[in-house]
Amino acid sequence: LITDKNIVFEKNGCGGVFLSGNNILYQGVTCNKYALPSHYKAFLELNYKCNKSFVVGIIAYGSSNMLLGQIPSKEISAEETWSKIYVNLSDVISLFPTATNFAIYFAMLNNINSTPAYLYLDNIKLLH
């Protein structure tokens with residue numbers, strides 16, 4: 001949790017990811033899983049600020065929490081000022097018609113020993 005007022009978008013804090021040196025891969029997954037029927041529209045709304053591109057995607061689960069697959073929905077380009085985006089998840093959700101629920105993930109990759117990468121996330125909302 002980032003609480004530095006010079007970084008935070010709104011209110012008291014935002015999420016932060018930092019990659020440098022040999023730490024080159026980040027993947028964060030929601031704790032909750034969501035029932036998102038394949039015929040519904042679903043979007044992820046979020047504010048972000050980053051110096052490297054990152055990916056938003058879904059992880060599909062079937063009955064008994066069986067993993068059906070993980071697929072990216074959108075690669076989001078670097079924006080070094082706070083920006084808002086709506087990511088359409090509907091197309092990737094429809095690829096898993098037998099899924100009973102989904103998790104959302106964020107991923108970022110950096111090159112070894114390149115400029116440190118950062119990603120800040122705030123106001124994440126699943127709209128469906």
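Structural remarks
- Filter result (closer than 10 Å to Ala42 by Cβ and part of a strand (DSSP E or B)) within the range 86-128: Val87, Asn88, Phe102, Ile104, Leu126, Leu127
- Residue within the range 32-55 that is at pLDDT below 95 and either part of a strand (DSSP E or B) or of a type in the set (Phe, Trp, Tyr) (or both) present: yes
- Residue count, the range 21-31 (criterion: under 19 Å from Ser114 (Cα atoms), part of a loop (DSSP other than H, G, I, E, B) and touching a strand residue (DSSP E or B) at 6+ places or on another chain (Cβ under 9 Å)): 1
- Candidate set from the range 1-55 (those that are of a type in the set (Gly, Ala, Ser) and closer than 17 Å to Phe106 by Cα); member that is nearest to the chain's Cα centre (by Cα): Gly28
- When Ser83 is tested against (1) in contact (Cβ under 8 Å) with a residue 40 or more places away in the chain; (2) closer than 19 Å to Leu119 by Cβ; (3) in a strand (DSSP E or B); (4) open to solvent by less than 40 Å² (accessible area, probe 1.4 Å), only condition (1) is not met.
- Among all residues of the range 21-29, there is at least one that is of a type in the set (Gly, Ala, Ser), out of contact with any Leu (no Cβ under 9 Å at 6 or more places or on another chain) and open to solvent by 20 Å² or more (accessible area, probe 1.4 Å).
- When Met66 is tested against (1) hydrophobic (A, V, I, L, M, F, W, C); (2) more than 30 Å from Asn113 (Cβ to Cβ); (3) touching a Phe, Trp or Tyr at 6+ places or on another chain (Cβ under 9 Å); (4) open to solvent by 40 Å² or more (accessible area, probe 1.4 Å), just one condition goes unmet, and that condition is (3).
- Residues being surrounded by fewer than 16 Cβ atoms within 10 Å (Cβ to Cβ) and closer than 17 Å to Ser94 by Cβ - total across the range 44-63: 1
- Restricting attention to the range 5-20, the residues that are open to solvent by 70 Å² or more (accessible area, probe 1.4 Å) and in a loop (DSSP other than H, G, I, E, B) add up to 6.
- Single condition Ala117 does not satisfy, out of (1) surrounded by 15 or more Cβ atoms within 10 Å (Cβ to Cβ); (2) among the hydrophobic types (A, V, I, L, M, F, W, C); (3) farther than 24 Å from Thr3 by Cβ: (3)
The values are calculated or read from the model by the stated rules, or taken from the named source; none is laboratory data. For clarity, every value in this text was computed on a predicted model and none was experimentally measured. Note: ideal-geometry Cβ built from the backbone for every residue, glycine included; neighbour counts use all protein chains shown. Side chains are part of the model used for accessible areas, which takes the heavy atoms of the whole protein and leaves out ligands, DNA and RNA. Shrake-Rupley method; radii C 1.70, N 1.55, O 1.52, S 1.80 Å.
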